Structure formats: C-alpha cells, structure tokens
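This report refers to the structure that appears directly beneath it.
Here, each number is a calculation from the coordinates, and none is a lab measurement. Source: prediction; values computed, not measured. As a convention, Cβ positions derive from the backbone with ideal geometry for all residues, glycine included, and neighbour counts pool all protein chains shown.
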Amino acid sequence: MSKSTKKSAKPATKAASPSAKAASKKAPAPKPSARKSTPAAKKPAPAKKPAAKKPAPAKKPAAKAAPAKKPAPAKKPAAKAAPAKKPAPTKKPAAKAAPAKKPAPAKKTAAKAAPAKKPTPAAASPKPAAKAAPVVKVKPGDPLYYDSHMHTPLCKHAWGEPEEYAAQALKAGLKGIIFTCHCPMPDGFWPSVRMANSEFDTYVEIVRRAAKAFEGRLDVCLGLESEFFPGCEEWIRSLHERADFDYILGGLHWQAKEYLSKFEVGTIENFRRTYFEHLAQSAESGLYDCLAHPDLVKNYHPDSWCFAIIKNSAEAALDRIAKTGVAMELNTSGLNKSYSEMNPGNEMLRMMSERGIPIVIGSDAHRANRVGEHFITALNNLTEAGYEKVSYFQKRQRIDLKISDVLSSIKRAADANL
C-alpha cells in the first residue's frame, strides 16, 4: 500500500513542473492512472497475501524483539503511526498466545490429571474392605471365618489356656480366633469376673504366646471385652490405648451389682428399657467396634421376658445404633443361658438386618470345647433374618464375607470331624 502511494505522488510532481507540456502529457496521464488503477485493484488481493504471509515473517520481528529493546529505535516506529497501525504485532502476541494456546500439551497435562483422578478410586479406599477379597479368594477347603469372642482364666470364670482354645478352633474349621477377656475396671467395679489392672500385661502376653505357638496354622488375635458403664468412658478410652488390639467388643452387663444398685428402679420393663438406652449410648460413645450379646437383659427375670412389650425401646435403640456404623454380635452362648436363645433372638436379628447393622458371630467361650459352637445354626439364623454377609475384625477394621462361603467352609470341617 505504501509503494502505490509513492508512485501516485511522482506523476503528480511531473505534472506540476513541466507546465508547457501539461497539455501534451495529459493524454498519457490518464493511461498510467488507468493502468495503475487496474493494478491497484489487483494489489489489494496481494496486499491480503502479505497480510496473511506476514504472520510468519512477523514472527521474525517478534524474534527481533530483543534488538527492539533498543529504546531509541523503538520510539521511531512509534513516530510512524502507520507501523503503529500494525495491530498485527499486537495480534502477534496473540499469535504467541497461539503457541501458548498449545492446549494440546495443556490437555496432555489434563490427561495426566486423569491419572491424578485415579486417587478417586484410591479414595474409594474402603480397600480395607478390599483386603477382605484375598480372604474370600482362597482355595476350596481353606478356612475363612473367626470366632470373635472368648475368654482366659484371668477373668476368674473361664477354664483352659489360650492354646487349648486355639486347638479347638482348628477342629472347628476356623481361620482364626480373637480373645476378648473382661477388661480391668476402676474403683473395684465387679472385680470377681475380670482381670485385675495389674494383670493386663499378663493377658497381652499369654495371647501373644498362643499366637506364636500357632503361627502359620491359625490366627490368634488380641481383643478385649470392654465394659460399658456410664461415667467410666475415659477409663475405657485410655485402656484401649495400652495395646495394639484387633477388636474391641463392648460389654453391657446388667448383672453387675453396681449396675443393679444404680439402675434397678421401677418395674422390670423399665429396667429393660434402661438397658436398651445404655446399649445405644455405648454405640454412640465411639469406643467399640461391636456390641456383645445385645439383648442379654432377657435373662433378667427370664420367665417374664416378652419381646413384644419391649419392642419399641429396642427399635429406638437400633435406629440410633445403625447411625453409628457400629456392628452387633450374634452370641451363640445364649443357648446355654437361663433364657435359652441366642443373643439376640431372631425377631431382633431381623430388625438389625433391616437397618443394615453389620453382624459378627462370637461363641463367648469360657471353655475351650465351646469355640465355634453353634456357628452353623447361627449362620442359618442370619440368612433367615435377611443377612447376606457376616463380619469379623482385624486391626479394628471390619471385614465382610459372604455367609454362603463361610457356611460351606465350616460345614466341610464339621463333616471331616464326623
């Protein structure tokens, strides 16, 4: 465009200087203007081509941006307003934005962000539950399940050394056992049925001794039946920090003289309602992985037990327990008690299943020969109540197994012992 203006200027000067020849040259003058008009019309298209091509060469001046750092020459193009019109340089930074626009690499980083999104499956790290998968995927005939409730002579009402309980577990087709002896309590609370505080380290040691003796054949794990009594929560909390437990079982015992003296007021039904209130409180305390023998109070005046009378209180307690995620126990030793029924009974078991409360089976063995006792009956009861899975704990993490798999595993061992 600048060259065309210069050419038009030169014929203008020639027309002005030779005034005598103006007439003679006026005839040819239209010719150049006509000829130049046609090329001028043609030049806009090439002018667009340099404009289109200039982005590439324009990059060279962009490359010469370093010499452009000379402030003095930089002012000269500033004096030339026409070059200033070159919005192309301004667009050229935008063109540089186009290389910056290399969103393809940016997308590659985004693609790398997708692997970064893989933490979300990792975040689905209920993979403690995934750790249950290796337990399920075992060779046919391998044991699967644990008996999660048994005692030692330290509780003063159990017989047999831990090794004897472990030997019986092998016969019962179990993968492991968890000792849950009665914990020490402060202020002489019901001392005749529990280890003394001074015996706590002995308890940990004898369980470890049995674990070492059966290493490679049976998992022998450390747990605790940890008392719940309103006002003793801090004691219990500090007790749980004294050892590396696999399992903490909450024990609410209406039989304790301290419990009876404080809460046995009013009618029998009111006492039972108080028991269910405390059962819910024990779950809400956050101290326990599971609640032992949850309807044990039916053995308080067992001749008068009627679940229908207490059902509303049980329902309210179960609603609260379900919100905590704490498991509950199906305790097979209830068949050996004054009210001969597992704890809980089948109707309450169905209510627990309806609320999605996890379930753990324990024999509550106080003698070695009762390890794994009535487990086939217990598993059948769970199926009838609507359960499909049964649980146990390792390192205080719940592991779920299919009831059908556990049932097959235990039946094989039972058949082998016939």
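A compact table of results
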{"read-out": "Calculated log₁₀ intensity ratio I(q)/I(0) where the Debye formula runs over C-alpha points of segment 269-404, q = 0.10, 0.14, 0.17 Å⁻¹", "value": "-0.30, -0.60, -0.91"}
{"read-out": "Amide H contacts of GLU329 (H built 1.01 Å from N, under 5 Å, at least 5 apart or other chain)", "value": "LEU291, HIS293, VAL360"}
{"read-out": "Lysine-lysine proximity count for segment 145-416, Cα under 14 Å, sequence distance 8 or more or distinct chains", "value": "5"}
{"read-out": "Residue-by-residue Karplus 3J(HN,Hα) for segment 235-252, coefficients 6.51, -1.76, 1.60, Hz, glycine and proline x", "value": "4, 4, 4, 5, 4, 5, 8, 7, 7, 8, 7, 8, 7, 10, 9, x, x, 10"}
{"read-out": "Cβ-based net charge around GLY160, under 13 Å, with every Lys or Arg adding one and every Asp or Glu removing one", "value": "-1"}
{"read-out": "Peptides 282-293, 251-262 ordered by average Cβ neighbours within 10 Å, highest first", "value": "282-293, 251-262"}
{"read-out": "Potential extension, ASP400-ALA243 segment - 0.36 nm per residue separation minus Cα distance", "value": "54.1 nm"}
{"read-out": "Segment 145-416 shape via C-alpha gyration tensor axes, a/c threshold 1.5", "value": "oblate"}
{"read-out": "FRET E, pair GLU163, GLU199, Förster distance 25 Å, beta-carbon r, rounded to 0.05", "value": "0.85"}
{"read-out": "Extension gain, ARG412 back to GLU277 (0.36 nm per residue minus Cα-Cα distance, nm)", "value": "44.5 nm"}
{"read-out": "Separation of the ARG209 and ILE268 label points, Cα + 7 Å toward Cβ, nm", "value": "4.4 nm"}
{"read-out": "Sum of side-chain charges, GLU225 neighbourhood, beta-carbon under 11 Å (Lys, Arg +1; Asp, Glu -1)", "value": "-2"}
{"read-out": "Förster radius 41 Å - calculated FRET efficiency between CYS306 and GLU388 (Cβ-Cβ, nearest 0.05)", "value": "0.85"}
{"read-out": "By average C-beta atoms within 10 angstrom, highest first, the peptides 365-377, 345-357, 207-219", "value": "365-377, 345-357, 207-219"}
{"read-out": "Burial order of peptide ranges 324-333, 187-196 (average beta-carbon count within 10 Å, highest first)", "value": "324-333, 187-196"}
